[in-house]
1. Looking only at the stretch 59-77, which residues are surrounded by 13 or more Cβ atoms within 10 Å (Cβ to Cβ) and assigned to a loop (DSSP other than H, G, I, E, B)?
2. Looking only at the stretch 33-56, which residues are outside any strand (DSSP E or B), aliphatic (A, V, I, L, M) and surrounded by fewer than 15 Cβ atoms within 10 Å (Cβ to Cβ)?
3. Would you say A14 is open to solvent by less than 20 Å² (accessible area, probe 1.4 Å), within 22 Å of H84 (Cα to Cα) and of a type in the set (G, A, S)?
4. Here is a check on your reading of the model: is E91 more than 15 Å from V20 (Cβ to Cβ), open to solvent by 60 Å² or more (accessible area, probe 1.4 Å), among the acidic types (D, E) and over 13 Å from the mean Cα position of the chain (by Cα)?
Amino acid sequence: MQHDRESIGHGISAMLWLSVAPSALDAAGRKLAEHHEVRFAGATTGQANLVATSSTSELYTYLSEKIGGLDGVQAVETALTLRHVKQLTYEPSR
């Protein structure tokens with residue numbers, strides 16, 4: 001059952017906002033994109049200059065080991081996704 005899996009921590013989705021040193025932004029973004037836990041990664045403007053969506057039941061371990069191991073990461077802000085209200089899809093006819 002999907003509901004039972006969610007109640008014990010499986011299927012957790014989170015938004016990650018990373019503040020990365022400008023000199024490390026490209027390398028950190030490329031490494032982040034290689035993580036199987038990451039569904040989307042992109043460079044952005046503002047204090048957090050790298051954003052990602054992650055889905056893992058081991059969020060603490062992912063943040064402390066994989067994100068913490070990226071060179072140039074100065075800070076990470078994380079917010080759990082409580083509910084998806086719209087999912088983007090690819091429509092080749094557009």
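The values are calculated or read from the model by the stated rules, or taken from the named source; none is laboratory data. None of these values were measured; they are calculated from a predicted model. Here Cβ is always computed from backbone atoms with ideal geometry, including for glycine, and neighbour counts include all displayed protein chains. These area figures cover heavy atoms from the full protein model, side chains too; ligands, DNA and RNA do not enter into them. Shrake-Rupley method; radii C 1.70, N 1.55, O 1.52, S 1.80 Å.
1. If the condition is that a residue be surrounded by 13 or more Cβ atoms within 10 Å (Cβ to Cβ) and assigned to a loop (DSSP other than H, G, I, E, B), then L70, G72 are the ones that fit.
2. A33 - this is the single residue of the stretch 33-56 that is outside any strand (DSSP E or B), aliphatic (A, V, I, L, M) and surrounded by fewer than 15 Cβ atoms within 10 Å (Cβ to Cβ).
3. yes
4. In short, yes.
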